[in-house]
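Notes to accompany the following structure.
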């Protein structure tokens with residue numbers, strides 16, 4: 001009877017002392033007293049506790065409560081006590097920490113993308129050798145230098161991702177292999193010496209290809225010394241270039257000449273020693289020295305013409321009588337004298353720099369000579385006299401008193 005009384009007193013004291021309303025920890029709601037739940041939200045994530053329902057935060061949208069990813073669906077992560085979709089999936093990344101809670105940075109095509117990590121964890125003990133637990137994911141242990149990389153197949157430390165990888169540069173790989181996506185992959189060639197086909201002796205982007213003919217005009221000059229093939233069309237021949245005829249070289253058709261806006265210009269287009277290769281222009285600044293941008297169009301484009309309307313000097317090698325003749329367009333012509341007969345002004349200006357006129361005086365046409373006073377006129381022969389007369393508003397030297405008869 002006394003023992004029963006002691007028990008009743010102890011029970012009353014226990015109830016009045018404010019003892020806990022449920023166990024300190026729990027795994028399910030059934031571990032808790034009425035009106036309580038086993039709360040696993042962020043506040044209690046590491047130590048689920050029985051609390052009143054109103055004090056346990058619920059997850060938005062009816063998402064499940066969780067302590068770790070294992071409490072969620074296979075394609076979800078546990079974040080702040082609630083299960084939810086992994087939001088960073090497909091995001092570009094360089095290292096695992098770029099991918100946030102539950103994600104890891106993995107190779108994807110030419111780059112790296114965030115993806116839900118393959119193995120979740122609570123601590124390092126949940127992960128295999130060589131990996132560590134970080135943000136609920138087992139990840140490759142970080143490296144600081146190549147010395148941290150012990151696997152023979154992954155001897156290099158990638159500074160961008162802090163991961164051990166197979167290679168960082170082509171030189172890290174065996175012969176005829178290249179470093180692509182941090183892995184050594186078989187390729188056709190790495191350098192020219194790997195290409196044994198004489199038709200394809202150049203290694204370019206890991207493939208053996210034909211040689212590059214030219215990229216600039218200078219390449220053509222070097223390749224074809226003393227030849228007309230001085231103009232490079234770098235876009236031809238599958239972007240490997242073709243040397244074609246340069247400006248003013250003789251030609252048969254447009255395809256003989258340089259790039260797409262070079263033309264084989266004929267004599268009927270005003271080029272006196274055509275057909276020759278010329279190039280298109282918008283203005284004279286587009287033309288080489290000694291050329292001008294003609295308003296005449298060839299195939300809808302203006303063209304750089306030589307200033308003399310000749311590509312080559314036609315008088316080179318032509319010998320004319322000194323003081324009497326002059327070479328004009330490859331032919332010797334008499335230097336006109338005052339009183340020589342004429343039909344137009346041009347007949348009186350061959351080989352001279354003055355503006356001599358073909359003077360029409362009393363129905364007879366003869367060459368005058370530009371002057372200001374009589375002394376500007378030539379020295380007359382015996383019995384002759386030159387006068388500087390105003391004829392048609394222009395002063396010209398003529399023989400006698402205005403007549404050459």
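The values are calculated or read from the model by the stated rules, or taken from the named source; none is laboratory data. Since the structure is predicted, the reported quantities are computational estimates derived from the model, not experimental observations. Cβ placement follows ideal geometry from the backbone for every residue including glycine, while neighbour counts extend to all protein chains displayed.
Conditions tested, residue by residue: (1) assigned to a loop (DSSP other than H, G, I, E, B); (2) within 39 Å of the chain's Cα centre (by Cα); (3) farther than 30 Å from residue 47 by Cβ.
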{"residue": "74", "(1), (2), (3)": "yes, no, no"}
{"residue": "115", "(1), (2), (3)": "no, yes, yes"}
{"residue": "142", "(1), (2), (3)": "yes, yes, no"}
{"residue": "153", "(1), (2), (3)": "yes, yes, yes"}
{"residue": "157", "(1), (2), (3)": "no, yes, yes"}
{"residue": "185", "(1), (2), (3)": "no, yes, yes"}
*What number of residues in the stretch 335-393 are in contact (Cβ under 8 Å) with a residue 40 or more places away in the chain, part of a strand (DSSP E or B) and touching a helix residue (DSSP H, G or I) at 6+ places or on another chain (Cβ under 8 Å)?*
1
*Among the numbered criteria (1) assigned to a loop (DSSP other than H, G, I, E, B); (2) surrounded by 13 or more Cβ atoms within 10 Å (Cβ to Cβ); (3) within 53 Å of the chain's Cα centre (by Cα), which single criterion is violated by residue 320?*
(3)
*Just one of 271, 229 is closer than 23 Å to residue 302 by Cβ and part of a loop (DSSP other than H, G, I, E, B); which is it?*
271
*asked:* If I filter the stretch 84-97 down to residues being modelled with pLDDT under 85 and more than 29 Å from the chain's Cα centre (by Cα), which single residue comes out as nearest to residue 163 (Cα to Cα)?
replied: 96
*Of 94, 122, which residue is outside the structural domain of residue 24 (by TED's automatic domain parsing), in contact (Cβ under 8 Å) with a residue 40 or more places away in the chain, outside any helix (DSSP H, G or I) and closer than 28 Å to residue 37 by Cβ?*
122
